[in-house]
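As structure tokens, the structure follows; a few thoughts come after it.
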Amino acid sequence: MAAVQVLGVEKLAPPEACAGLLVHLQSLANPDNVAGMARFGISPNATLGVSVTTLRAIARPIMRARKPDGSWRHSVAAELWGSEIHEARILAVLLDDPALVTREQALAWASDSDSWDITDQLCMNLLDRTDFAYELTQEWSNASGEFVKRAAFSLMASLASHDKTSADERFLPMLAAIEREAGDPRNFVKKSVSWALRGVGKRSKTLHGPALDTALRLAESGDGAARWIGRDATRELDGPAVRARLGLS
């Protein structure tokens, strides 16, 4: 990623920095990768075929140079997101400052997402570090939009993995939302609900029991989507690897 450092984007005003980053992303475009990504359900719309690993490598030196300057990063992120380019939007969530993200921005970006990977990167790298992340898991859990609803459950999974300090009790309301919404048959929602259930259940010994109970109930459901989620989650939560890690017999 030396070319990005040569551009010196971290020294430029946000519009010029964004323009330089977009030129660099375009230079890395790989149509073969776009076709491969599409086979995994990633939208090919305005997609260049640049890997997340490469995007992280681009973001890293910029973050080192501009980490204290949240306002600059926030402005660059807004410019990148506004380009509507798939990889630029992922780069935006890697660079933005969660302290400056508003609820309005969070909903706008979640609503703009047209691909599960953008939604998940948004949740895992930005929204789960906002002060209102837990509230969004509940507010968006019954959203009509497929990717906003996926974001609710991706956020649950991200928080379960990344938030090392919150009490386990904070995650119990998520199980109620998971069980309530498990009947949504849309593929990207269904998979994120399972991810959330497994994430909460793997967080601690205390949460494992309630999460596994939820999974077992769903596995016996008469609804196909709920039954799939229950069985998918039960396989992992009741498996030897998770039990051993949590010290369960």
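Numerical summary
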| read-out | value |
| --- | --- |
| Sole exception among (1) touching a residue at least 24 places away in the same chain (Cβ under 8 Å); (2) more than 20 Å from PRO15 (Cβ to Cβ); (3) among the charged types (D, E, K, R) for GLU84, by number | (2) |
| Subset of the stretch 1-39 (residues that are modelled with pLDDT of 90 or more, of a type in the set (Val, Ile, Thr) and surrounded by fewer than 14 Cβ atoms within 10 Å (Cβ to Cβ)) | VAL23 |
| Helices (runs of 4 or more DSSP H) (entirely within the stretch 33-148) containing at least 3 residues that are under 16 Å from the mean Cα position of the chain (by Cα) | 52-66, 86-95, 103-112, 116-125, 133-139 |
| Residue match in the stretch 50-66 (condition: over 30 Å from GLU146 (Cβ atoms), touching a residue at least 60 places away in the same chain (Cβ under 8 Å) and not assigned by TED's automatic domain parsing to the domain that holds ASN187) | yes |
| Residue list for the stretch 151-193, filter: part of a helix (DSSP H, G or I), surrounded by fewer than 24 Cβ atoms within 10 Å (Cβ to Cβ) and more than 17 Å from the chain's Cα centre (by Cα) | ASP168, GLU169, ARG170, LEU172, PRO173, LEU175, ALA176, ALA177, GLU179, ARG180, GLU181 |
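For every residue, the table says whether it meets (1) within 19 Å of GLY41 (Cβ to Cβ); (2) crowded, with 21+ Cβ neighbours inside 10 Å; (3) modelled with pLDDT under 95; (4) in the same structural domain as VAL148 (by TED's automatic domain parsing).
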| site | (1), (2), (3), (4) |
| --- | --- |
| LEU95 | no, yes, no, no |
| ASP112 | yes, no, no, yes |
| TRP116 | yes, yes, no, yes |
| THR119 | yes, yes, no, yes |
| MET124 | yes, no, no, yes |
| ASP128 | no, yes, no, yes |
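The values are calculated or read from the model by the stated rules, or taken from the named source; none is laboratory data. Note that the structure is predicted; figures quoted are calculated from it, not measured. We place every Cβ from the backbone using ideal geometry, glycine too, and count neighbours over all the protein chains shown.
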